[in-house]
1. Using all C-alpha to C-alpha distances in the stretch 130-187, build P(r) with 5 Å bins and read off the rounded percent in each one.
2. Pick out which of PHE202, PHE73, PHE17 has the largest mean-square fluctuation in a Gaussian network model of the chain, springs linking Cα atoms closer than 10 Å.
3. To the nearest 0.05, what FRET efficiency results for ASP136 and VAL265 with a Förster distance of 45 Å applied to their C-beta separation?
4. What is the total of Lys pairs in the chain with C-alpha atoms under 26 Å apart, excluding same-chain pairs fewer than 8 positions apart?
5. If you find the alpha carbon centre of the stretch 160-226 and of the stretch 1-30, how far apart are they in angstrom?
6. How high is the FRET efficiency from ARG231 to ASP75, r the C-beta distance, R0 22 Å, rounded to 0.05?
7. For the chain, report the translational diffusion coefficient in µm²/s to the nearest whole number, using Stokes-Einstein at 25 °C, 0.890 mPa s, and a Kirkwood Rh over Cα pairs.
8. Please report, in debye to the nearest 20, how large the charge dipole of the stretch 161-268 is about its Cα centre when each Lys and Arg carries +1 at its beta carbon and each Asp and Glu carries -1 there.
Amino acid sequence: MTEFGDLLDFVENETGFATSYYDESYLDRRISARMRRRGVDTYGEYLDLLREDDAGERAELLDTLSVNVTQFFRDEKVWAALRDVLVETADDVRTVDIWSAACADGREPYSIAMLALDAGLDPRNVNILATDIDEDALSRARAGWYESTRTADISDQLSFLDNPGEYVDRDGDRGFQVADHVKDLVTFERHDLITDDPKSGFDLVACRNVCIYIDKQYKLPILDTVSQSIREGGHLVLGQTETLPGEVKERFEAADPRIRIYRRVPDT
Ligand SMILES: C[S@@+](CC[C@H](N)C(=O)[O-])C[C@H]1O[C@@H](n2cnc3c(N)ncnc32)[C@H](O)[C@@H]1O
């Protein structure tokens with residue numbers, strides 16, 4: 001076993017962060033950044049720091065490794081297209097069931113909820129399930145509180161909406177609280193896209209910016225889980241740099257390929 005391998009094993013066993021799911025070059029970049037910060041040159045020396053938990057290094061590393069980077073209305077042009085998908089779906093079905101898979105701290109599912117309200121959907125007919133593997137991210141998501149320091153341009157992000165002021169309560173310069181009528185549309189739950197079962201019957205699933213960090217071998221299981229969870233005619237949206245692997249691609253037609261929106265076709 002190499003020093004790097006020992007380090008990854010230690011992180012997986014002692015912190016519960018599943019290093020084996022992640023792309024090694026991604027892990028190496030993140031770990032090397034912590035090593036530079038702490039002024040150590042070898043993986044072995046860094047492992048010693050982790051063993052001693054010197055200056056809370058385990059927590060610092062975990063923070064660096066968990067990629068919860070997200071924002072409200074990330075990739076604006078996708079959201080204009082999603083508005084149409086929501087409106088068309090609401091015309092077709094009684095309730096619109098949406099899954100934000102890998103929702104991080106909740107900004108994605110809350111964006112979907114705000115968009116549905118902004119587009120005039122009846123809130124009684126909108127159900128959003130939001131899941132992530134990371135319990136800390138889920139508790140921040142449930143709280144729905146976003147500090148101005150971490151979301152400096154949140155007003156800009158919400159300016160995509162027709163009536164942004166209706167969906168958040170601003171607390172001076174401290175931050176924003178997502179309004180209750182938005183929170184009421186979203187249910188948060190822990191779900192591991194690699195090991196947990198697929199769901200079923202969703203009209204729209206967003207699975208964005210998770211596969212880019214995950215080791216190649218797990219992309220297919222993730223997208224298989226996700227695609228089985230969408231009803232025929234339902235939509236899937238991926239992150240802007242993500243693609244569907246061949247095995248899953250045949251279950252979809254491109255609804256808008258430039259912005260990674262796909263429609264599930266009937267099984268053959
Ligand atoms: C970069 S965030 C993406 C957030 C949001 N979808 C977006 O595009 O803004 C990636 C999220 O994937 C989650 N994640 C990583 N592995 C996962 C897995 N196996 N199952 C579910 N979520 C996972 C991470 O915890 C993180 O919150």
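The values are calculated or read from the model by the stated rules, or taken from the named source; none is laboratory data. Note that the structure is predicted; figures quoted are calculated from it, not measured. Because the Cβ atoms are built from the backbone with ideal geometry, glycine has one as well, and the counts that use them run over all protein chains shown. To get the accessible areas, we keep the full protein, side chains included, count just its heavy atoms, and leave off ligands, DNA and RNA. Shrake-Rupley method; radii C 1.70, N 1.55, O 1.52, S 1.80 Å.
1. Whole-percent P(r) values from 0 Å outward: 4, 18, 25, 26, 20, 7, 1.
2. Most flexible of the set in this elastic network: PHE17.
3. Values: r = 38 Å, r/R0 = 0.84.
After rounding, the FRET efficiency stands at 0.75.
4. 9
5. When both Cα centres are located, 26 Å separates them.
6. Working: r = 25 Å, r/R0 = 1.12.
Once the sixth-power term is evaluated, E becomes 0.35.
7. Numbers: Rh = 19.8 Å.
Taking Rh from Cα pairs, D becomes 124 µm²/s.
8. 380 debye
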